[in-house]
Amino acid sequence: MYLRKVDGLELVAGYVGLTALAVGAWELLPLAVLPFFPNEIPYATPFVIAGSSAIVLGYLGYSGIRYNAKANLTNRLDMATVLCSIAFSAILFALPFIAVEKFTISEALFEAVGGLTATG
């Protein structure tokens, strides 16, 4: 049973939230190898903070459209969804570079975008 029909910016926020859930899971994925590399445990905190915050923000964004009927996105809104998803992903993937490697913001964003695209 659907509660209401969702469209517009609320739908964009919901899809960006869905992307943020995936980004949070990807951000936490490197922690799976910590048992094999115990000397890397001190570097885990930025990954936990970035991954868990992405999951929380993603759940908050996605919960608005979760059980509702979804409208079709227009051309402008689907481009905005992709742009916001890429920007959100790049910022979250840059946080561990800033915290662990002590990169500047521009260096960290360069590395994060390079890792997310084919140029990485």
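Would you confirm whether or not the stretch 10-22 contains a residue that is assigned to a loop (DSSP other than H, G, I, E, B) and under 19 Å from Val82 (Cα atoms)? So far as the stretch 10-22 goes, no, none of its residues is assigned to a loop (DSSP other than H, G, I, E, B) and under 19 Å from Val82 (Cα atoms).
Given the conditions (1) over 25 Å from Glu101 (Cβ atoms); (2) in a helix (DSSP H, G or I), and given that Tyr67 satisfies all but one, which numbered condition is not satisfied? Checking Tyr67 against (1) over 25 Å from Glu101 (Cβ atoms); (2) in a helix (DSSP H, G or I), the one that fails is (2). Please find, among Leu73, Leu92, the residue that is touching a residue at least 60 places away in the same chain (Cβ under 8 Å), in a loop (DSSP other than H, G, I, E, B) and in contact with a helix residue (DSSP H, G or I) (Cβ under 8 Å, 6 or more places away or on another chain). Within the list Leu73, Leu92, the selection yields Leu73. Here Thr81 meets the list (1) within 15 Å of the chain's Cα centre (by Cα); (2) surrounded by fewer than 12 Cβ atoms within 10 Å (Cβ to Cβ); (3) of a type in the set (S, T, N, Q) almost entirely, failing just condition (2). Of the listed requirements (1) without any contact (Cβ under 8 Å) to a residue 40 or more places away in the chain; (2) surrounded by 15 or more Cβ atoms within 10 Å (Cβ to Cβ), Glu27 misses just one: (1).
Residues that are surrounded by 14 or more Cβ atoms within 10 Å (Cβ to Cβ) and in contact with a Ser or Thr (Cβ under 7 Å, 6 or more places away or on another chain) do occur in the stretch 94-117.
Taken together, the values in this text are just the output of simple stated rules run on the coordinates, not laboratory data. This is a predicted model, so every value here is computed, not measured. Cβ: placed from backbone, ideal geometry, glycine included. Neighbour counts: every protein chain shown.
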